[in-house]
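S.K.: Please see the structure below; I have some questions.
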Amino acid sequence: MTAFLNGVSKRLGVDIQKKQILVVDDNISNLKYISAQLSDAYKVVMAKSGAQAMQIASKQIPDIALLDIDMPEMDGFETLARMREDPLLAKLPVIFLSANNDPATEIKALQVGAMDFIPKPFEKSILTHRLDLHLNFSRYQSSLENTVRELEDSIVTSFSELIEARDENTGGHVKRTSAYVDLLGTSLIKRGMFKDELDPGELDLMVRAAPLHDIGKIGISDLILMKKGKLSDEEYEAVKKHTVIGGEVLRSIYEKTPTQTYLRYAILIAEGHHERFDGKGYPFQKKGEEIELCNRIMSVANVYDSLVTDRVYREALSYEKAVEIIVGSSGTEFDPRIVDVFKDVHPDFVVIAENDKKREAESK
């Protein structure tokens, strides 16, 4: 049926993308045979060892993997364990395809996280049926997870914007700062910086957490937040408490919902986005790399957006002036390495800000 649909799609000029299957087996003859059986319906990529499978999968994540068990150096069980440790491959559907089909081996295969176990020699129709079954289930599961995530993120952003509206003249602050964090983090990853602290999975959690950075303002008086003149020393000290309040609120939520792992970053960001690289920030006066990377990134994003948008106590500064201020604070307020990246990607910051202004104007 798949081959028929692909043939029809070619005649109609429509490309139906074949699902990619990674087949892992140390026996070349087995690889060629499995590929011949499946290549009419799927895009088959072959690997003759667990190590080679990891290399291939990390460069282009397949839709599903067929994994032999008895292989030298790294057997199928170890290969699957390595995949589950990799954030990019942790959810890759894996089916064990093995001649070692005693009940104990099959049970172990399912216990270590395989979706299915198919004995060799296999019947082609059974194998393709099971592949399609798991591919469809994986697609459905992914769609469901994305829907739930979008709903969660929408609620978080809306709640955060409601809090920000108490002391912001214009909306969009939480969305823009999240976009700036994403932009800076992506640029750091591309340059191979902070490899021990930052990867696409961790950055995703940071971006999801960023909108909650000022949630602690819920505990600060409107009289202070909406004040147009300069704050007194006492009022400023009260405002600074929003970091601690935010951390306490989010920690309480996280204790009740520990599966929401992005809340770990939300706690850190709420508490530490006003720390300074020179140790003169608040609330903990952390210095240099004592400050979590998420906060060193967040502080640049947050200050930049504050500078280029209207506030109750001043009008927005120009983009050029904002860059001048941030670059001038490199090594004092901000991590110099992040400032260097910020200088290079700043034109994209402007695009984000201008697009947001355009959307706001069109909505009025």
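Throughout, read-outs are computed from the coordinates displayed, never taken from laboratory work. Nothing here was measured: the structure is a model prediction, and the numbers come from that model. For neighbour counting, all protein chains shown are included, and Cβ atoms are generated from backbone atoms with ideal geometry for every residue, glycine included.
S.K.: What dipole magnitude, in Debye to the nearest 20, does the range 146-363 give about its Cα centre under +1 on Lys/Arg Cβ and -1 on Asp/Glu Cβ?
M.R.: Result for the range 146-363 is approximately 140 debye, rounded to the nearest 20.
S.K.: Once fully extended, how much extra length lies between D344 and Q20, figured as 0.36 nm per residue of separation less the alpha-carbon to alpha-carbon distance?
M.R.: Once the chain is fully extended between D344 and Q20, it gains 113.0 nm.
S.K.: Per the Debye formula with a single identical scatterer at each Cα and no solvent contribution, what log10 I(q)/I(0) holds for the range 146-363 at q = 0.18 Å⁻¹?
M.R.: Log-scaled intensity ratios, in q order: -1.55.
S.K.: Calculate for the chain the 222 nm mean residue ellipticity that helices alone would give, adding -39,500 (n - 2.57) per DSSP H run of length 4 or more and normalising by residue count, nearest 500 deg cm²/dmol.
M.R.: The helix-only estimate for the chain comes to -19000 deg cm²/dmol at 222 nm.
S.K.: Among DSSP bridges having both ends in the chain, what percentage is antiparallel? Round to the nearest 5.
M.R.: DSSP beta bridges in the chain are roughly 5 percent antiparallel.
S.K.: Also, quick follow-up: Hey, for a label at T261 modelled as a point 7 Å past Cα toward Cβ, could you say which residues of the range 89-123 have their backbone N under 12 Å away?
M.R.: Inside the label zone: 89-91.
S.K.: Another question, then. Among M206, I189, G172, which residue has its Cα positioned farthest towards the positive end of the charge dipole of the range 171-215, with +1 placed on the Cβ of Lys and Arg, -1 on the Cβ of Asp and Glu, and the dipole taken about the Cα centre?
M.R.: Farthest along the dipole direction, towards plus: G172.
S.K.: Here is a further query. Tell me, how many Å apart are the Cα centres for the range 228-243 and for the range 70-114?
M.R.: Each part's Cα centre sits 57 Å from the other's.
S.K.: Next up: How would you order 67-73, 321-327 from highest to lowest mean count of nearby Cβ atoms within 10 Å?
M.R.: Result, highest mean first: 67-73, 321-327.
S.K.: Quick check on the range 85-160: what does the Kirkwood estimate of hydrodynamic radius come out to from the alpha carbon pairs, in Å?
M.R.: By the Kirkwood definition, the hydrodynamic radius is 14.8 Å.
S.K.: Binning at 20 angstrom from zero up to the longest distance, how are the C-alpha pair distances of the chain distributed in percent?
M.R.: For the chain, the binned pair fractions read 24, 42, 28, 6 percent.
S.K.: Moving on to the next point. Counting Lys +1, Arg +1, Asp -1, Glu -1, what net charge surrounds G279 among other residues with beta carbon under 12 Å of its beta carbon?
M.R.: On the way: positive: R276, K280, K286, K287; negative: E275, D278, E289, E290, E333.
Neighbourhood net charge equals -1.
S.K.: Any idea what the dipole of the range 18-126 comes to, in debye rounded to 20, about its Cα centre with Lys/Arg Cβ at +1 and Asp/Glu Cβ at -1?
M.R.: On the way: 12 positive and 15 negative charges, 100 e Å.
Charge dipole of the range 18-126: 480 debye, to the nearest 20.
S.K.: Compute the Rg/Rh shape ratio of the range 253-303: radius of gyration over Kirkwood radius, all on alpha-carbon atoms.
M.R.: Values: Rg = 11.7 Å, Rh = 11.3 Å.
When Rh is taken as the Kirkwood radius, the ratio is 1.04.
S.K.: Then there's this: If each of K241 and E289 carries a label point 7 Å out from its Cα toward its Cβ, how far apart are those two points in nm?
M.R.: Going by the 7 Å Cα→Cβ label model, 3.6 nm.
S.K.: Something else about it: How big is the charge dipole of the chain about its Cα centre, in debye rounded to the nearest 20, if each Lys and Arg gets +1 on its Cβ and each Asp and Glu gets -1 on its Cβ?
M.R.: 800 debye
S.K.: Listing Y282, Y265 from the residue with the fewest other Cβ atoms within 10 Å to the one with the most, what is the order?
M.R.: Ordered by Cβ neighbours within 10 Å, fewest first: Y282, Y265.
S.K.: Under the 0.36 nm per residue contour assumption, what length would be gained going from the current alpha-carbon distance of A90 and T147 to full extension?
M.R.: Once the chain is fully extended between A90 and T147, it gains 18.6 nm.
S.K.: Considering only the other residues whose Cβ falls under 14 Å of the Cβ of Q260, what net charge follows from Lys and Arg at +1 and Asp and Glu at -1?
M.R.: With Lys, Arg at +1 and Asp, Glu at -1, the neighbours total 0.
S.K.: Given a Förster distance of 30 angstrom, what is the FRET efficiency for L317 paired with E197, based on the Cβ-Cβ distance and rounded to 0.05?
M.R.: 0.45
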